[in-house]
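The values are calculated or read from the model by the stated rules, or taken from the named source; none is laboratory data. What you are looking at is a predicted structure, and each value in this text was computed from that prediction instead of being measured. Positions of Cβ are generated from backbone atoms using ideal geometry, with glycine treated the same way; all protein chains shown enter the neighbour counts.
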Amino acid sequence: MSAVKQELRKVVGELSDDESRILLRFAEWLRDQEEGFTDSELAILRRGERQIRKGDFVWWRDVKRTEV
């Protein structure tokens, strides 16, 4: 098993049940993508990762206007 997958397992083990559900839905979506990400999409994801590392994000629950 790769070091990345080992680290992922460690992180997942530290998540709450709610956080785990969110991650599971995203992982299933990612797995089911038939095409890989374009260079543009990868750039957007990397920018988002940098923003999250800097703490530059807002929780959805804090900005949503109606119950989803």
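Some values worked out for this structure:
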{"quantity": "Extreme residue, modelled with the lowest pLDDT, among residues of segment 15-59 that are within 22 Å of K5 (Cα to Cα) and not in a helix (DSSP H, G or I)", "calculated": "E34"}
{"quantity": "Residue within segment 30-41 that is surrounded by 10 or more Cβ atoms within 10 Å (Cβ to Cβ) and within 13 Å of the chain's Cα centre (by Cα) present", "calculated": "no"}
